[in-house]
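Visitor: Quick one: the structure is below, and I'll ask about it shortly.
The values are calculated or read from the model by the stated rules, or taken from the named source; none is laboratory data. Everything quoted here is computed from the prediction, not taken from an experiment. Cβ atoms come from the backbone with ideal geometry, glycine included; neighbour counts cover every protein chain shown. Keep in mind that these areas ignore ligands, DNA and RNA; they rest on the heavy atoms of the full protein, side chains included. Shrake-Rupley method; radii C 1.70, N 1.55, O 1.52, S 1.80 Å.
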Amino acid sequence: MTEATTSARELTVGVGAGGLATADMVLNIGPQHPATHGVLRLRIVVDGERIVSAEPIIGYMHRGAEKLFEVRDYRQIIVLANRHDWLSAFANELGVVLAVEDMLGMEVPQRAVWARTLLAELNRVLNHLMFLGSYPLELGAITPVFYAFREREELQAVMEEASGGRMHYMFNRVGGLKEDLPAGWLGRVTEAVAAVRRRLPDLERLLVGNEILEARTRGVGVLSRDLALGHGVSGPIARASGVDVDLRRDTPYLGYGELFGPGGPGRVVTLEAGDCLARLEVLLEQTRVSLDLADACVDRLAGLPQGPINVKLPKVLKVPEGQIYCATENPLGFNGYYLVSRGDKTPWRLKLRSASFNNVSVLAEMLPGQLIADMVAILGSMFFVVGDIDK
Amino acid sequence: MSDLGWLEVVLRAVAVLAGFLVLPLLVGQTEHKVMAHMQGRLGPMYAGGFHGWAQLVADGVKFVQKEDVVPARADRWAFRLAPGVALVPCLIALALIPLSPNVVGAKVDASVLLVLAVIGVGIIGTLMAGWASANKYSLLGAMRAAAQLVSYELPMVLVVASVALAAGTLSLIGITQAWTPWWLLWQLPGAVVFFVAGLAELQRTPFDMPVADSEIVFGPYTEYTGLRFAFFLLAEYAGIVVMSLLFAVLFLGGWSGPWSGTLGWLWTLLKALVVAVVVIWFRVSWPRLREDQLQRLAWVWLVPIALLQLAVTAVGVVMMR
């Protein structure tokens, strides 16, 4: 206190690195790290726990899907296409067959259209439940994932009964579905959907009702609307930042025109906050909407007369010369296929625009200035699948 | 202590060691099963036959067989010593905590002081491990552990001082003998602070930031394998045992209960078990806080409440004398 008069002297008060020489540390998060669900790699520079810069390094899981598309016929492409985002296999198949059907000018039976809509929505619920379970894991809550998987099991049972698959369904065919739905299946779907809807509050109470989770996510990792638009962010993440876009409503395909039309159960969930909590809440609410949509599809299917569920295809399926861009609303965002055909049985080019690639690109802008603990909260809330980034 | 024969000293040491080896496994197995049932699972079901009772024994056998790896750039001595530094304080603390006036490893007059001093040493093992591993994640974890240390030590010492003040003694046996059910209300704020600070000291959810697996892999223990890793795990569960027993003795009246003359030790263990189950319950239901949020909690809530508790206790003591 005696030197208080010499005001020019710098005085370092308190604990920490202030006044000491410090060096920034380069830290590789991934490609093998518990928070990256696969092989995303973030190269971050940290000062203590504060992130100075972050760079997502991708490509560890690149499988050359687009090049492989070019040497497969359209039946085989579906097998490949459903793999990039392994949590949304049915939705991935859908884009391919819709594009091809459009180029062929093919009329798809009504029953197939509604069955596809139903399965796509069930697939969306499965995807969202996975993230509702895994995101709390990043924040250190170990129980929600078990609740989420209990519900997933319920829905996977009905998906498996119809398609034979639990993950990579391979149920879409050009012109419809592989085969008709099993007898009595619709009733079991209704039961499963009702069970999931009934127990969803159990999961919800562990998430949005929890003070600690709120403290970790509210105001953390705010993604502004402009930044979201600038990086082409789509899906639930964009909608949590107030970007009111959903291809199911905006460019209706399958049965969505009716579902999102006046009086339909469909609605687009948007929030303004753009933080981690908002992204989680959008996911939770979308799960409810999708359950409602699934119910509406079941009702619609039950009212349809018996009939075919696919179109008989020629031995060699050739798509006429031309090009088309077909975008669908995948659970994680826009999923687009740009198909260029030269009249062969394989595409000349099939470009894939996947949701996670764009959604993750924004990380380099969001992470600097955050703590490592918050980085994990943000990373988890970007809801990505590494296969969907690398393709 | 000088009146003890050497045989009795050895017997007591062996008894404490046995308790030290059995009780943490009991808590660990309870965690396996309680957590599993809370999450709609069964937990271990095969090892040992009956509901997987021998799971942790099997785990121990597995750990013993694993290679003991020391990273090339590690500080070898500190790296090897760290698990011991984490483990031994728990053993000493266990020897000091009485289960009943007669069932106690070592009778020490100022046992409260000694227990607090000893369990404060355990954290040094974590810091050593974090620094010696030559791993960035370990270093971050150690930094977090050190930052956490600042938050819980002060409120914990303050509330223990409050209990000692209420009883007028620094002996754990004396404190429990002075305990009356009225303390449950009188010392309630202190009990809450002690429990929260204890969780932070144990690095258990919601304060498990130093080992946050989704952020920094496993913090200071990332590079450990085999038996040394198992020692750290054992230290964590022995820590739960010590903290639960201490809570039972300081705030729940230890051995007081029906037939406390003969079954007193059982009462202490049961009360401690209830506390341990609450510790487990927290882990099942809550996510993890951030380090700065814990510090905010400590300075905005825990320290003021602890000081208030100390004042309330002082007033109470003066009024009743």
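Visitor: How many of the residues in the range A:95-154 are open to solvent by 10 Å² or more (accessible area, probe 1.4 Å) and hydroxyl-bearing (Ser, Thr, Tyr)?
Guide: The total comes to 2.
Visitor: Do we have residue A:264 as without any contact (Cβ under 8 Å) to a residue 40 or more places away in the chain, more than 15 Å from the chain's Cα centre (by Cα), closer than 25 Å to residue A:193 by Cβ and within 14 Å of chain B (Cβ to nearest Cβ) here?
Guide: no
Visitor: What residue, among those in the range A:201-222 that are facing chain B (nearest Cβ under 10 Å) and β-branched (Val, Ile, Thr), is surrounded by the most Cβ atoms within 10 Å (Cβ to Cβ)?
Guide: Step by step, filter the range A:201-222, then rank; the result is A:217.
Visitor: Restricting attention to the range A:204-219, which residues are of a type in the set (A, V, I, L, M) and touching a Lys or Arg at 6+ places or on another chain (Cβ under 9 Å)?
Guide: A:212, A:215
Visitor: Can you report the number of residues in the range B:177-209 which are closer than 20 Å to residue B:306 by Cα and part of a helix (DSSP H, G or I)?
Guide: 19
Visitor: Follow-up. Could you pull out every one of the helices (runs of 4 or more DSSP H) wholly within the range B:210-313 that has 2 or more residues that are at pLDDT 90 or above and within 14 Å of chain A (Cβ to nearest Cβ)?
Guide: B:260-285
Visitor: Sticking with this one: Hey, does the range B:129-138 have a residue that's touching a Ser or Thr at 6+ places or on another chain (Cβ under 9 Å), open to solvent by 10 Å² or more (accessible area, probe 1.4 Å), modelled with pLDDT under 90 and of a type in the set (D, E, K, R)?
Guide: Checked against the condition, which is being touching a Ser or Thr at 6+ places or on another chain (Cβ under 9 Å), open to solvent by 10 Å² or more (accessible area, probe 1.4 Å), modelled with pLDDT under 90 and of a type in the set (D, E, K, R), the range B:129-138 yields no hits at all.
Visitor: In the range A:245-276, what count of residues is obtained for those that are in a loop (DSSP other than H, G, I, E, B) and either within 19 Å of residue A:335 (Cβ to Cβ) or of a type outside the set (Asp, Glu) (or both)?
Guide: Selection size over the range A:245-276: 21.
Visitor: Find the residue count for the range A:361-379, including only residues that are in a loop (DSSP other than H, G, I, E, B) and within 13 Å of chain B (Cβ to nearest Cβ).
Guide: Adding up the residues that qualify gives 1.
Visitor: Name the one entry in B:45, B:38 that is within 14 Å of chain A (Cβ to nearest Cβ) and either open to solvent by less than 30 Å² (accessible area, probe 1.4 Å) or not basic (Lys, Arg) (or both).
Guide: When all the criteria are applied, what remains is B:38.
Visitor: Can you go through B:89, B:101, B:83 and tell me which one is in a loop (DSSP other than H, G, I, E, B), away from chain A (no Cβ under 14 Å) and not small (Gly, Ala, Ser)?
Guide: Within the list B:89, B:101, B:83, the selection yields B:101.
Visitor: Give A:194, A:238, A:296 a once-over and let me know the one that is crowded, with 23+ Cβ neighbours inside 10 Å, assigned to a helix (DSSP H, G or I) and modelled with pLDDT of 90 or more.
Guide: Sole residue among the options that is crowded, with 23+ Cβ neighbours inside 10 Å, assigned to a helix (DSSP H, G or I) and modelled with pLDDT of 90 or more: A:238.
Visitor: Still on this structure: Looking at the range A:134-143, can you tell me whether even one residue there is in contact (Cβ under 8 Å) with a residue 60 or more places away in the chain, among the aromatic types (Phe, Trp, Tyr), touching a Phe, Trp or Tyr at 6+ places or on another chain (Cβ under 9 Å) and within 14 Å of chain B (Cβ to nearest Cβ)?
Guide: yes
Visitor: I need the full set of residues from the range A:335-360 which are assigned to a helix (DSSP H, G or I) and not hydroxyl-bearing (Ser, Thr, Tyr), in order please.
Guide: Listed by number, the residues that qualify are A:355, A:357, A:358, A:359, A:360.
Visitor: Now for a separate question. Taking the conditions exactly as written (part of a helix (DSSP H, G or I), within 12 Å of chain A (Cβ to nearest Cβ) and either free of Cβ contacts under 8 Å to residues at least 12 places away in the same chain or among the hydrophobic types (A, V, I, L, M, F, W, C) (or both)), does residue B:164 satisfy them or not?
Guide: Spelling it out, it is not the case that residue B:164 is part of a helix (DSSP H, G or I), within 12 Å of chain A (Cβ to nearest Cβ) and either free of Cβ contacts under 8 Å to residues at least 12 places away in the same chain or among the hydrophobic types (A, V, I, L, M, F, W, C) (or both).
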